[in-house]
Amino acid sequence: MHPMLADLLHLLELERIEDNIFRGESRDIGSPRVFGGQVLGQALTAASYTVEGREVHSLHAYFLRPGDTAAHIVYEVDRARDGRSFSNRRVVAIQHGQPIFNMTASFQTPELGLDHQAEMPNVPPPEKLGATREIDAQTLERIPEKMRRYLTREQPFDVRPVEPLSLSKPQRVDPIRHIWIKTIDALPDRPDLHRNLLAYLSDHQLVATSTLPHGIRFEEGKVQLASLDHAMWFHRPFKLDEWLLYSMQSPNASGARGFALGRFFTRDGRLVASTAQEGVVRLWSE
């Protein structure tokens, strides 16, 4: 397995301290704080460790404080309920003695029922698109160092935007974004692992979609983006080592907050997961 992907899988493996208490490592991926997707993925892993024979179908989470990339994170799981078909878990992530994140997740015994879904957007296939890291040198010179490091670092995912990235001369466009994404190597055939990884990925670029109609120049470093809350629903089985289309749109931005919705589709058009997020979007005048 590719070392970057192996490291990510290791990151999502938690050390069991007690029956309902787990500890995870942190990674600095170039963002000013712990990547929100890391905490989402690890918290879902912690909850999954306490459930057997049931699959997560939804999670609802709040980001309370910035995470420290230099410190471990402790996850405390409350086994709130185990019913006939559903189990509910509450998870609190703690650093330096304070909660930085909390999440509620619901798990269900697999069963059949009614079936319908939204249609997949009509976009070019990933083979006709360039990867995120394929950005010209002149553009890279004009953006902040941390953003440059984030965009050009080796990643465990192959990310191919449908709409071109406009970092140095952004245009005012509709708040819609599509990206194809998959892991850069094959994954173990463990559905829970694929769901935990998708939770990790679901924080990627989502709330930033709310900035698209405003032509924000990120290279000036005068914008703050931070996740406030995050919800996710898992609809159908999928494999993250095969292409998924992440379709995002932002219905609203107001009050220094942006709101965005996302859907994940397989190449053959199956809707496998949906997500929603609100985050801080602040512009600084100085």
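The values are calculated or read from the model by the stated rules, or taken from the named source; none is laboratory data. Just so it is clear, the model here is predicted, and its values are computed rather than measured. Quick reminder, even Gly has a Cβ in these numbers, built from the backbone with ideal geometry, and neighbours come from all protein chains shown.
The figures follow:
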read-out	value
ILE73 more than 25 Å from ARG263 (Cβ to Cβ), in contact with a helix residue (DSSP H, G or I) (Cβ under 7 Å, 6 or more places away or on another chain) and in contact (Cβ under 8 Å) with a residue 40 or more places away in the chain	yes
Residues being crowded, with 22+ Cβ neighbours inside 10 Å and out of contact with any Phe, Trp or Tyr (no Cβ under 7 Å at 6 or more places or on another chain) - total across the range 218-258	5
Within the range 209-271, strands (runs of 3 or more DSSP E) holding 3 or more residues that are in contact (Cβ under 8 Å) with a residue 24 or more places away in the chain and polar (S, T, N, Q)	244-254
Number of the condition not met by ASN102 [criteria: (1) over 30 Å from TYR49 (Cα atoms); (2) polar (S, T, N, Q); (3) surrounded by 12 or more Cβ atoms within 10 Å (Cβ to Cβ); (4) at pLDDT 95 or above]	(1)
Lone qualifier among ALA276, ALA226 - being under 17 Å from the mean Cα position of the chain (by Cα), farther than 30 Å from GLN117 by Cβ and small (Gly, Ala, Ser)	ALA226
From LYS182, LYS169, residue being of a type in the set (Lys, Arg), closer than 26 Å to SER250 by Cα and either modelled with pLDDT under 95 or part of a loop (DSSP other than H, G, I, E, B) (or both)	LYS169
Residue check for GLY30: without any contact (Cβ under 8 Å) to a residue 60 or more places away in the chain, on the phi > 0 side of the Ramachandran plot and surrounded by fewer than 18 Cβ atoms within 10 Å (Cβ to Cβ)	no
Check on HIS60, modelled with pLDDT of 95 or more, within 13 Å of LEU193 (Cα to Cα) and surrounded by fewer than 17 Cβ atoms within 10 Å (Cβ to Cβ)	no
Selected residue [surrounded by fewer than 19 Cβ atoms within 10 Å (Cβ to Cβ), of a type outside the set (A, V, I, L, M, F, W, C) and at pLDDT 95 or above] from GLU119, GLU141	GLU119
Residue that is surrounded by the most Cβ atoms within 10 Å (Cβ to Cβ) [pool: residues in the range 74-95 that are farther than 18 Å from GLN42 by Cα and in contact with a Ser or Thr (Cβ under 9 Å, 6 or more places away or on another chain)]	SER87
